[in-house]
Structures are given as structure tokens and as C-alpha cells.
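The values are calculated or read from the model by the stated rules, or taken from the named source; none is laboratory data. Quick caveat: nothing in here was measured; it's all calculated off a predicted structure. Quick reminder, even Gly has a Cβ in these numbers, built from the backbone with ideal geometry, and neighbours come from all protein chains shown. Keep in mind that these areas ignore ligands, DNA and RNA; they rest on the heavy atoms of the full protein, side chains included. Shrake-Rupley method; radii C 1.70, N 1.55, O 1.52, S 1.80 Å.
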Amino acid sequence: MSHKVGPWTVRKRHIAYQNPWIEIDHHDIIRPDGAESLYGVVRFKNLAVGVLPLFEDGTVPLVGQHRFPFDAYSWELPEGGGPKGEAPEETARRELAEETGLRAGHIHPLGKCHLSNSVTDEQAVMFLVWDLTQGQAQPEGDEILTHRRVPFKTLFQEVLRGDITDSLTIMMVQMAVLKAQNGDIPPAPATLILKQMG
């Protein structure tokens, strides 16, 4: 039975592929201009979560790993995914601990975003964390990670130069700067960020 999705009419839908992380839906549709067409949607089973950890000296930890889809090495802030029924803050704390060994005394939301909204329903939530305690990282079996710690200003410059291409990392860095300038994050991390940007 057909149904409407905004200006599109969906005549038929079936699952073309699925695995534990994604489902690809095939839709036979009528476009807004009346033409028959198809629409594929990648549906994510987890919520994406990114974390910007800020040390008291104004440095941040970066995680490096080879990303299979692009066959390229990527430096990123800690990030991962959690079941959609799990509190995003819990996912953030778990991913932070797994990838870096860090525990955060404070956590503050930076924002939400849709990562590729023309063909996926993937959503992400971003957090700023501080008051950090170092522990032992415990990455998952498919994660071969390297680490480096850089001043926030260096990270910001790497984003501007295009050295860092991970979308969540780019957005977290920009949101942190803008929110610090606007007084939308607590004073302790805002002061560290603004001092770095000096």
C-alpha cells in the first residue's frame, strides 16, 4: 500500500540488505514532479556519538586509524556508536574509555547533526568532556589505534587546513569554539579553548 513521505509517494519498500550495523531500504517512488523512480536509504542501527576531551593544559587526544571505506588513515576525536535505546552520554563515556582510556568528570552536550541526510538516516550527538583521568584503553578487536595529544589550537589549524577530514571531529572543533565564544559552554572549558585560540 502506498504512502506519502513529504512530497514523495512510496509505492513499495523492501529491505535490500542488512547486517548488524546498517539496513538498506529500496523504495519504488513517485517523485514530486510525478515521475516514477527509486530511492535507496541506508538506515543505521546505532546512534553516532563523538567526544571532544579537553585536558587542563588545553590539549586534546586524537585517535588514528585506517578507515576501510576510504582506504585512508584518519586522525579523529574519539567517536563510535551505541544502541538507539542507550543514553548518548553513556555511549560517549564508554567510547572515550575504550579508545583512549580516559574517564571524564564532566560532560556537556555540543550539539546534534545529520551526517549524510540525502541517502542515510544517520544521526550524531556530540559532547565536550573535561576533568579527565587516564586509564587503560581497551579498543575493540577490529580497531588498531594510534594516539597523539595536541594543543586545541593545533587541532583547530589541522581542521582548517583540511588535514583532518572526519566530519564529527570537524563539527566538534567548530562547535566548541563557537559555543565558547558565545558563552554556551561552562566557564572552565570555555576559558581553556579561548586561551588556546588567543
| query | Among the residues of region 108-134, which ones are touching a Lys or Arg at 6+ places or on another chain (Cβ under 6 Å) and open to solvent by less than 70 Å² (accessible area, probe 1.4 Å)? | reply | D121, V125
| request: Collect the residues in region 10-56 that are assigned to a loop (DSSP other than H, G, I, E, B) and under 26 Å from the mean Cα position of the chain (by Cα), keeping them in residue-number order. | output: N19, P20, W21, K45, L54, F55, E56
| Of A48, A16, which residue is surrounded by fewer than 15 Cβ atoms within 10 Å (Cβ to Cβ) and among the hydrophobic types (A, V, I, L, M, F, W, C)? | A16
| query | Got at least one residue in region 78-92 being of a type in the set (S, T, Y) and part of a strand (DSSP E or B)? | reply | no
| request: Within region 135-161, count every residue that is open to solvent by less than 40 Å² (accessible area, probe 1.4 Å), touching a residue at least 40 places away in the same chain (Cβ under 8 Å) and over 20 Å from the mean Cα position of the chain (by Cα). | output: 0
| task | Go through region 66-88 and give me each residue that's in contact with a helix residue (DSSP H, G or I) (Cβ under 9 Å, 6 or more places away or on another chain) and surrounded by 17 or more Cβ atoms within 10 Å (Cβ to Cβ). | result | W75, E76, L77, P78, E79, G80, G81, G82
| message | Quick check on region 39-59. Is at least one of its residues in contact (Cβ under 8 Å) with a residue 60 or more places away in the chain, more than 27 Å from L110 (Cβ to Cβ), out of contact with any Ser or Thr (no Cβ under 6 Å at 6 or more places or on another chain) and of a type outside the set (A, V, I, L, M, F, W, C)? | response | yes
| Candidates T165, T100, T91 - the one that is within 14 Å of the chain's Cα centre (by Cα), of a type in the set (V, I, T) and crowded, with 19+ Cβ neighbours inside 10 Å | T91
| request: State yes or no: is E143 out of contact with any Pro (no Cβ under 7 Å at 6 or more places or on another chain), outside any helix (DSSP H, G or I) and more than 16 Å from P53 (Cα to Cα)? | output: yes
| said: Suppose we filter L168, L178 for residues that are modelled with pLDDT of 95 or more, under 20 Å from R94 (Cα atoms) and part of a helix (DSSP H, G or I); which single one remains? | reply: L168
| said: Pull out all pairs, ordered by first then second residue, where Cβ-Cβ is under 6 Å, the residues are six or more apart or on different chains, the first lies in region 178-195 and is open to solvent by 10 Å² or more (accessible area, probe 1.4 Å), and the second is hydrophobic (A, V, I, L, M, F, W, C) and in a loop (DSSP other than H, G, I, E, B). | reply: K179/I185; L192/L54
